[in-house]
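**Student:** Questions regarding the structure given below will be posed in turn.
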Amino acid sequence: MSGGGAIPAERQAFYDRIATRNMAPLWEVFHSLVRREPTPAARPVVWHYDEIRDDILESGGLISAMEAERRVLVLENPGLAGTSMATDTLYAGMQLILPGEIAPAHRHTQSALRFVVEGEGAYTAVEGERAYMAPGDFVITPTWCWHDHGNEAAEPMIWLDGLDIPIVGLFKTTFAEGHEDDAQGEARPAGDSLARYGTGLLPVDHEPASRPVSPVFHYPYARTREALAQMARAEDWDACHGLKLAYVNPETGGPAIATMGTYMQLLPAGFVGQDYQATDGQIFSVVEGRGRTRIGDEVLSWGPRDTFVVPAWARHAHEAVDEAVLFSFSDRPVQRALGLWRERRGNA
Ligand code: 1HN
């Protein structure tokens, strides 16, 4: 193992010689490959919606959703400049769809989530079924599912996109194709999947899909909010998370999206959370309330519609001024499937 410093000439000559045979000495890089603790490149960062909303709307005058294919302003982490990524393993962006526009149908092996930030009445169609969306709604487009977006309402819609691009990229498993038509035909009426699979019931002869793809792809905010409001009456708050629910695939009880954990949590007014660390870097979208999150030495203040990042393994704690509702997503299901996920509470 090298302690750093100048490399003796004899060793360097050896390294140069073996490099011609595509070899290198492990001992020169061992400690940068095998770290004692995670060293994410992502930094804590917040995008205040008041400060970015005008830019998002301005993009609507510069390019159409059709020309852009997807008109999105990427939320790029300043610690990951040039990569288009929000955390070390996940992508995030703000997508705008104006009244009358469509974003053409395509599919790709990356899974995507939409979390509606502003506007009502635009839709995403997944495998031929439309989901008409409202603020706080969560919609998934699982791996290799056809999807297009349209806005037949009178107001713009803006949503947060989350994709597992670096994860799919790690395995070099990227495939993508455009649909022959801009919009998919309607295979089922809007709301069909939610009725069939999303009310605690399943069709009697239902067989789970061969791939872990949730048959529910629209999780309306009204239902999620009602669940949290009802649960809050028990006053059974977690010291770090308040009340935190995970979106699930009703076939398996596993994550709604195989590669991305998605969560909604309620913090009561005046909540002062305990310190928490987990190996999954998280992207939060604030639905309701104001508060702040201390991440290491930094404090990020947030309010409705803001987006913020807590990097992997960063010690952090949430505080809520008002009753607050936070949506979040991370790569936790991938880490758990591989036996890698860890968490730590307090300073233990
Ligand atoms: C994509 O397909 C969408 O379908 C949004 O709305 C954002 C970012 C990178 C790659 C594909 C969409 C995307 C994306």
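Every number in this text was worked out from the coordinates using simple rules, so none of it is lab data. Just so it is clear, the model here is predicted, and its values are computed rather than measured. Quick reminder, even Gly has a Cβ in these numbers, built from the backbone with ideal geometry, and neighbours come from all protein chains shown.
**Student:** Once amide H atoms are built 1.01 Å from N in the peptide plane, which residues 5 or more positions from Asp280, or in another chain, come under 5 Å H to H?
**Tutor:** Close amide H contacts, sequence-distant or interchain: Trp313, Arg342.
**Student:** In whole Å and largest first, what semi-axes does the C-alpha gyration tensor of region 175-256 yield when each eigenvalue is scaled by 5 and square-rooted?
**Tutor:** 31, 16, 14
**Student:** Along each of the three principal axes of the Cα atoms of region 75-182, give the extent in whole Å, ordering the values from largest to smallest.
**Tutor:** Extents along the principal axes, in whole Å: 38, 32, 19.
**Student:** Shifting gears a bit: Which of Ala112, Ala269, Ala103 ends up with the largest GNM mean-square fluctuation for the chain, with Cα atoms connected below 10 Å?
**Tutor:** Ala269
**Student:** Computed on alpha carbon atoms, what radius of gyration and Dmax characterise region 185-340, expressed in Å?
**Tutor:** 17.0, 54
**Student:** Would you mind checking which residues have amide H under 5 Å from Ala131's amide H? H placed 1.01 Å from N; only 5 or more apart, or other chain.
**Tutor:** Thr124, Ala125, Val126
**Student:** Can you give the calculated 222 nm mean residue ellipticity of the chain, where each DSSP H run of n ≥ 4 adds -39,500 (n - 2.57) and the sum is split over every residue, rounded to the nearest 500 deg cm²/dmol?
**Tutor:** -5000 deg cm²/dmol, from helical runs alone.
**Student:** Compute the helix-to-body angle for 9-19: its Cα long axis versus the longest principal axis of the chain, expressed 0 to 90° and rounded to tens.
**Tutor:** 50 degrees
**Student:** Most mobile of Glu152, Glu58, Glu28 per a Gaussian network model of the chain (Cα springs, under 10 Å)?
**Tutor:** Most flexible of the set in this elastic network: Glu28.
**Student:** Distances over 18 Å make up what percent of all Cα-Cα pairs in region 115-274?
**Tutor:** So the pairs more than 18 Å apart make up 66 percent of the total in region 115-274.
**Student:** ³J(HN,Hα) across region 130-144 via Karplus (A = 6.51, B = -1.76, C = 1.60, θ = phi - 60°), whole Hz, x for Gly/Pro?
**Tutor:** Rounded to whole hertz, the list is 7, 10, 7, 10, 9, x, x, 6, 10, 10, 10, 10, x, 3, 6.
**Student:** Limiting things to C-alpha atoms, what are the Rg and the maximum Cα-Cα separation (Dmax) for region 1-103, in angstroms?
**Tutor:** Rg, Dmax (Cα atoms, Å): 23.0, 70.
**Student:** Roughly what percent of Cα-Cα pairs across the chain reach past 25 Å?
**Tutor:** Counting every Cα pair in the chain, those more than 25 Å apart make up 56 percent.
**Student:** Still on this model: Taking K and R as +1 and D and E as -1, what net charge do the other residues with C-beta under 14 Å from the C-beta of Pro250 add up to?
**Tutor:** Computed value for this residue: 0.
**Student:** Express the relative contact order of the chain as a whole percentage, based on alpha carbon pairs under 8 Å and six or more residues apart in sequence.
**Tutor:** The normalised contact order for the chain reaches 16 percent.
**Student:** Here is a follow-up. Using the reciprocal of the averaged 1/r over all distinct C-alpha pairs, how large is the Kirkwood radius of region 280-348 in Å?
**Tutor:** Kirkwood hydrodynamic radius for region 280-348: 12.9 Å.
**Student:** If you line up the long axis of helix 221-232 against the longest principal axis of the chain, both from Cα atoms, how many degrees apart are they, to the nearest 10?
**Tutor:** 80 degrees
**Student:** Now for a separate question. Name the long-range amide H neighbours of Val248: under 5 Å, sequence gap of 5 or more, or other chain; modelled H, no Pro or chain starts.
**Tutor:** Amide H neighbours of Val248, under 5 Å, 5+ apart: Ala256.
**Student:** Which residue, Leu228, Val286, Gln274, has the largest displacement toward the positive end of the dipole of region 224-348 when charges sit on each Cβ (Lys, Arg +1; Asp, Glu -1)?
**Tutor:** Gln274
**Student:** Just Val334, Val213, Val116 to compare: in a GNM of the chain, with alpha carbon springs under 10 Å, which one fluctuates most?
**Tutor:** Most flexible of the set in this elastic network: Val334.
**Student:** Continuing with the same structure: What does the charge dipole of the chain about its Cα centre add up to, to the nearest 20 debye, if the Cβ of each Lys and Arg holds +1 and the Cβ of each Asp and Glu holds -1?
**Tutor:** 1540 debye
**Student:** What is the fewest-to-most order of Met66, Met85 by other Cβ atoms lying within 10 Å of their Cβ?
**Tutor:** Met66, Met85
**Student:** Say a paramagnetic label sat at a point 7 Å from the Cα of Val321, along Cα to Cβ; which residues of region 289-313 have their backbone N under 17 Å from it?
**Tutor:** Only 289-294, 299-308 pass the distance filter.
**Student:** Read phi for every residue in region 314-331 and hand back ³J(HN,Hα) as whole Hz from Karplus 6.51 cos²θ - 1.76 cosθ + 1.60, θ = phi - 60°, with x for Gly and Pro.
**Tutor:** Going residue by residue, I get 6, 6, 8, 8, 9, 10, 10, 7, 9, 4, 10, 10, 10, 8, 8, 8, 7, 8 Hz, with x marking Gly and Pro.
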